[in-house]
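Nothing in this text is a laboratory measurement; each read-out follows from the coordinates by a stated rule. Worth saying up front: this structure is predicted, and the values here are computed from it rather than measured. Note: ideal-geometry Cβ built from the backbone for every residue, glycine included; neighbour counts use all protein chains shown.
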Amino acid sequence: MPSRPKLLRSRGFTLVEVMVALAIVAVAVPALLLALFQQLDGTEYLRNRSMASWVATDRMNELRLVVAKQGAIPEGELLGEARLAERDWYWWIEWQTTEIPGFIRVDVKVSMEEDRIQALHTLTAFIAPGSRT
């Protein structure tokens, strides 16, 4: 018996398969973009925190030098502005006495805003103004 010719079946995707694939892509792409943007925001935040830390460390070292020379914390409100990485950083220094005589707690706070409501970074140290170290 002669063989019958086989019908050629096309090897494409059905409409349902294409629609399912598009639905998966439509859900996945926004989720991936959201994750990418969150990662970028986190990276910028860490960069800003690092720079604020550098500004605070500079101010603390400067204060230590002044205290070592004068033997006391300077009078009045200590605040200012520093320029780092083409950005202005606002800093202020707060201090308070401690339970240990002769030691003062010093907080150097740095912010990106001038209003001093919330510090981006705070560096705390304990200084003994009367001692020469």
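Observations
- Ascending count of other beta-carbon atoms within 10 Å, so fewest first, for Lys69, Lys109: Lys69, Lys109
- The ranking of Ile73, Ile100 from fewest to most other beta carbons within 10 Å of each one's beta carbon is Ile100, Ile73.
- Take the Cβ atoms of Glu44 and Arg116, set R0 to 22 Å, and the FRET efficiency comes out at 0.50.
- Distance between the 7 Å Cα→Cβ label points at Ser53 and Ala23: 4.7 nm.
- Residues Leu65 and Glu86, FRET efficiency given R0 of 35 Å [Cβ-Cβ distance, rounded to 0.05]: 0.85
- Crossing angle, helix 15-70 versus the chain [Cα axis fit, 0-90 degrees, rounded to tens]: 10 degrees
- Residue order for Ser50, Ser111, fewest other beta carbons within 10 angstrom first, comes to Ser50, Ser111.
- Once C-alpha pairs closer than 8 Å and six or more residues apart are averaged by separation and normalised to the residue number of the chain, the relative contact order reads 20 percent.
- Overall Cα dimensions of the chain, principal axis frame, Å, largest first: 114, 27, 24
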